[in-house]
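What follows is a set of notes on a single structure, which appears directly below.
The values are calculated or read from the model by the stated rules, or taken from the named source; none is laboratory data. In this text, all values refer to a predicted model and were calculated from it rather than measured experimentally. We place every Cβ from the backbone using ideal geometry, glycine too, and count neighbours over all the protein chains shown. To get the accessible areas, we keep the full protein, side chains included, count just its heavy atoms, and leave off ligands, DNA and RNA. Shrake-Rupley method; radii C 1.70, N 1.55, O 1.52, S 1.80 Å.
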Amino acid sequence: MSDVHGNTEALARAGDGADALICLGDLVLFLDYADHSRGIFPDLFGVENADRIVELRTARRFEEAHAFGRQLWAGLDRDTLIEGAVRRQYAQMFAAFPTPTYATYGNVDVPGLWPEYADRDGITVLDGQRVEIGGRVFGFVGGGLPSPMRTPYEVDVEEYAAKVEALGEVDVLCSHIPPEVPELCYDTVARRFERGSEALLAAIRRTRPRYALFGHVHQPLARRMRIGNTECVNVGHFASTGRPWVLEW
């Protein structure tokens with residue numbers, strides 16, 4: 001599963017009947033593009049201002065969106081307000097994770113806060129690391145690449161590629177963002193290409209994992225496709241569907 005974006009109720013049921021839950025990030029709900037009344041932004045600035053910021057971003061008028069945001073935040077302690085809101089969301093969502101859960105960060109997550117909430121038995125956080133689950137090796141790469149949205153956990157291309165390289169050969173490659181394939185990166189509702197990773201695509205072609213699992217693109221043109229021997233699967237916009245994707249072996 002990926003892109004929880006505040007759906008704590010469904011998260012609490014996501015691991016029912018499973019041996020393990022894998023979460024590929026984006027726990028935080030900053031602004032719901034389908035319902036502008038939900039998220040940190042409308043809680044602080046109201047629905048009308050949320051409508052406006054979504055309008056600007058959807059039209060790819062990012063500089064105007066940034067200027068509008070700066071106007072709203074003027075005179076406020078942005079860091080303190082956002083951290084407090086994120087902490088409240090994390091407290092609920094980490095408490096809902098079943099045992100065991102394996103998780104990595106999304107681009108809107110705040111990795112510095114995770115150790116405080118993941119510090120209990122049954123939650124394993126991985127980023128550029130591997131773990132064996134049921135006899136298969138899973139590799140995890142968290143975060144996103146630089147984008148006009150300027151989300152909290154974006155890393156540069158070289159740093160991201162180094163995390164991918166550190167995994168070596170795995171059976172299941174888990175990342176928040178997709179490999180750089182147009183059909184996997186295009187969001188049909190937002191009508192734009194999200195940022196994918198060329199390093200992930202190269203690793204898939206080179207090491208040929210059985211599966212490559214990811215999220216990030218909420219309404220993808222293609223939810224799954226094969227690249228050579230690898231089945232690439234967008235495991236879903238969990239905030240909207242509430243349904244995990246099941247991998248059995």
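Odds and ends about this structure:
- Comparing Cα centroids, the range 157-198 and the range 82-128 end up 21 angstrom apart.
- Per-residue SASA entry for Glu198, accessible area with 1.4 Å probe, Å² rounded to 10: 130 Å²
- Result for the chain in a Gaussian network model with C-alpha springs under 10 Å: among Gly135, Gly143, Gly25, the largest mean-square fluctuation is at Gly135.
- In this structure the range 27-74 gives 52 Å² per residue of accessible area when probed at 1.4 Å with all protein chains present.
- Dipole magnitude (debye, nearest 20) for the range 1-152, charges at Cβ of Lys, Arg, Asp, Glu: 280 debye
- Using C-alpha pairs below 8 Å separated by at least 6 residues, the relative contact order for the range 1-144 is 27 percent.
- Amide H contacts under 5 Å for Gly143, placed H, 5+ residues apart: Tyr105, Gly106, Asn107, His176
- The Cα atoms of the chain give a gyration tensor whose axes a ≥ b ≥ c have a/c of 1.5 or more with a/b greater than b/c, which makes the shape prolate.
- Estimated dipole of the range 55-134 in Debye, rounded to 20 [Cβ of Lys and Arg +1, of Asp and Glu -1, Cα centre]: 260 debye
- Accessible-area ranking of Ile177, Ile82, largest first, probe 1.4 Å: Ile82, Ile177
- Only protein atoms count toward the accessible area here, which uses a 1.4 Å probe; on the chain, the carbon and sulfur part of that area reaches 47 percent.
- Take the Cα of Asp16, step 7 Å toward its Cβ, do the same at His66, and the gap between the two points is 4.5 nm.
- Ordering Leu113, Leu27, Leu167 by Cα displacement along the dipole of the chain toward the positive end leaves Leu167 in first place; charges were set at the Cβ atoms of Lys, Arg (+1) and Asp, Glu (-1).
- Taking all protein chains as shown and a probe of 1.4 angstrom, Val125 keeps an accessible surface of around 50 Å².
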